[in-house]
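Asker: Can you read through this structure? Questions will come right after.
The values are calculated or read from the model by the stated rules, or taken from the named source; none is laboratory data. Everything quoted here is computed from the prediction, not taken from an experiment. With ideal geometry, Cβ positions are generated from the backbone for all residues, glycine too; neighbour counts draw on all protein chains shown. Each accessible area value is taken on the protein alone, full model and side chains, heavy atoms only, with ligands, DNA and RNA left out. Shrake-Rupley method; radii C 1.70, N 1.55, O 1.52, S 1.80 Å.
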Amino acid sequence: MNYDSGSFGPDAQRGLSDGTAAPARRGWLVIGAVVLLALALGLAYVAFGRSGAPATGKDGAKTAASSDAKGGSESQAPSVTIAIPGRQTVDRTISATGSLAARVDMPVGVAGEGGIVTAVFVQPGSWVRAGQVLATIDRSVQEQTAASLAAQVNVAKSDARIAESEMARAATLVERGFISKADMDRKAATRDAAGARVRVAEATLREAQARAARLAIRAPAAGLVLTRNVEPGQVVGAGSGVLFRLARDGALELRAQMSEGDLAAMHVGAPATVTPVGTSQGFSGAVWQVSPIVDPTTRQGTARIALRYDPALRPGGFAAASIVSGASTVPLLPESAVQSDSQGNFVYIVSAKNEVVRRAVKVGPVSDQGVAIAEGLTGSEKVVVSAGAFLNPGQKVVPVKAKKG
């Protein structure tokens, strides 16, 4: 065979080499694109094929994806502390303020015609007995008058004795016939008149002595001297006013002012604790009188609380009182559980579906034990006791029962 050697020269071999290299590179690119497309389709199948699977299997059970979704929603619900308050007996307490005063205030002044004060024997804060002399007034004139009247009594008694003797002698002479019956009657009248003059003189003397005794200013009853408005040398009389003020037996009281509603709930014998201004010490007492009227201007009445004497209780001072007017059985909640807004007081309770429900309540007495709920709760509800400010009605929560402290 004859071959054309010129067709297989160097140029022809270079051309053959260039013509086969370009199609080979294009083929590899196509193969790479196909592989990448297959990988993308496989990932898409994994991602979208599983998520599109039915929610339940042949046995009706939820799939793992559905269970995971529910678990995630529950894990997002906040935990709240709840309590079932029940019902407790709570004292109804009324707060009031008022002034301290003597329970029986006894003003003492001049009972007689008066005069110059010679001595004063007591000071404010002194305890005195009934009838004890508080001060004396000069009685020199009254003593002289009494002495004169005593002398007149003696004269009248002498006249009465003479009249009695004459009557006795006349009685013996009448039997002998020396004196007539008429003379005997006159002597009897003279004797009776002398006896009457004795009694008049004695009564006048006692009157003068009583007037002189009234110049000694005495305590009308045992008690505590509150004020003294007289000094030795002072001229006093019936118009001088009150010289001393006494608290009988030292008994004090608080005249507590309160509204009509609180006054209606008050009763005699209600226990109370009184705290004077300037001290934290409380003093026990009891209501002994409730005002039968209400001031038409202030719409307030007075409850008078009896107190025993104590140096820390000063009449005229201001004090606060806490009065127990009764008791009721109601739910009792901590203050953190009760909230308020423009619509009033309310609490949040957790329903059977673990959803937050708003419940309007009426608040009763507030004490160290908590807040009494007068209306709105039966005591069997699950009440949110904390974190209520961050909740909304209808919100899902995870209730956690509060630990008893």
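Asker: P(r) for the stretch 114-271: what percent of alpha-carbon pairs falls in each 10 Å bin, starting at zero?
Answerer: Calculated over all Cα pairs of the stretch 114-271, the distribution is 9, 21, 17, 15, 13, 11, 8, 4, 2, 0 percent.
Asker: Assuming R0 = 41 Å, can you tell me the calculated FRET efficiency for the pair SER95 and ILE116, based on Cβ-Cβ distance, to the nearest 0.05?
Answerer: That pair, SER95 with ILE116, gives E of 0.20.
Asker: Still on this structure, I have one more. Could you tell me the extents of the stretch 339-405's C-alpha atoms along the three principal axes, largest first, rounded to whole Å?
Answerer: 33, 32, 21
Asker: Can you pull the semi-axes for the stretch 261-385, root of five times each eigenvalue of the Cα gyration tensor, sorted largest first, whole Å?
Answerer: The three semi-axes for the stretch 261-385 are 38, 17, 13 Å.
Asker: Evaluate the charge dipole of the stretch 111-182 about its Cα centre and quote only its size in Debye, nearest 20, assuming +1 on the Cβ of each Lys and Arg and -1 on the Cβ of each Asp and Glu.
Answerer: Dipole about the Cα centre, nearest 20: 260 debye.
Asker: So, one more: Going down the list LYS353/LYS401; LYS353/LYS382; LYS362/LYS401; LYS157/LYS181, which pairs span over 22 Å between their C-alpha atoms?
Answerer: Table pairs above 22 Å Cα-Cα are LYS362/LYS401; LYS157/LYS181.
Asker: Here's a follow-up. For the stretch 83-138, would you read off the P(r) tail past 14 Å as a percentage of all alpha carbon pairs?
Answerer: 76
Asker: Could you give the length gained by full extension between SER79 and ARG211, i.e. 0.36 nm per residue of separation minus their alpha carbon distance, to one decimal place?
Answerer: Here the segment from SER79 to ARG211 would lengthen by 38.6 nm.
Asker: Using alpha carbon centroids, what distance separates the stretch 339-388 and the stretch 183-247, in Å?
Answerer: Cα centroid of the stretch 339-388 versus Cα centroid of the stretch 183-247: 74 Å apart.
Asker: While we're here: Set the Förster distance to 22 Å, then compute FRET efficiency between ASP249 and THR275 from the Cβ-Cβ distance, nearest 0.05.
Answerer: 0.45
Asker: Follow-up question, since we're still on this one. Put a dot 7 Å past each Cα toward the Cβ at ARG359 and VAL174; how far apart are the dots in nm?
Answerer: Distance between label points: 10.7 nm.
Asker: Regarding the stretch 134-188, what are the three Cα extents along the principal axes, ordered largest first, in Å?
Answerer: Between the extreme Cα coordinates on each principal axis of the stretch 134-188 lie 65, 17, 14 Å.
Asker: Rounded to the nearest percent, how much of the accessible area of the stretch 238-295 (1.4 Å probe, protein heavy atoms only) is carbon and sulfur?
Answerer: 51
Asker: On the first, second and third principal axes, largest extent first, how far apart are the outermost C-alpha atoms of the stretch 288-353 in Å?
Answerer: 61, 33, 22
Asker: Of the accessible area of the stretch 127-172, with the probe set at 1.4 angstrom, what percent is carbon plus sulfur?
Answerer: Of the solvent-accessible surface of the stretch 127-172, carbon and sulfur hold 55 percent.
Asker: Any chance you could list P(r) for the stretch 219-309, counting all Cα-Cα pairs in 10 angstrom bins from zero, rounded to whole %?
Answerer: Taking every Cα pair in the stretch 219-309, the percentages come to 14, 31, 29, 19, 7, 0.
Asker: Taking 0.36 nm per residue of separation and subtracting the Cα-Cα distance, what length does fully extending GLN144 through ASP192 add?
Answerer: 14.4 nm
Asker: Need one number: nm distance between label points at SER367 and ARG87, each 7 Å from Cα along Cα→Cβ, rounded to one decimal.
Answerer: 1.7
Asker: Moving to a separate point now. Could you give the nm distance between label points at ALA320 and ASP341, where each point is 7 Å from its Cα heading toward the beta carbon?
Answerer: 3.1
Asker: Could you order PHE121, PHE178 by accessible surface area, starting with the largest, using a probe radius of 1.4 Å?
Answerer: Of PHE121, PHE178, the descending order of accessible area is PHE178, PHE121.
Asker: Shifting gears a bit: Go through VAL230, MET184, THR204 and say which Cα lies farthest out towards the positive end of the charge dipole of the stretch 176-241; charges sit on Cβ, +1 for Lys and Arg, -1 for Asp and Glu.
Answerer: MET184
Asker: Separate question: In Å², what does the accessible area per residue of the stretch 316-385 work out to with a 1.4 Å probe?
Answerer: Roughly 49 Å² per residue, with all protein chains present.
Asker: Using a 1.4 angstrom probe on heavy atoms only, work out the carbon and sulfur share of the accessible area of the stretch 310-405 in %.
Answerer: Here it works out to 53 percent.
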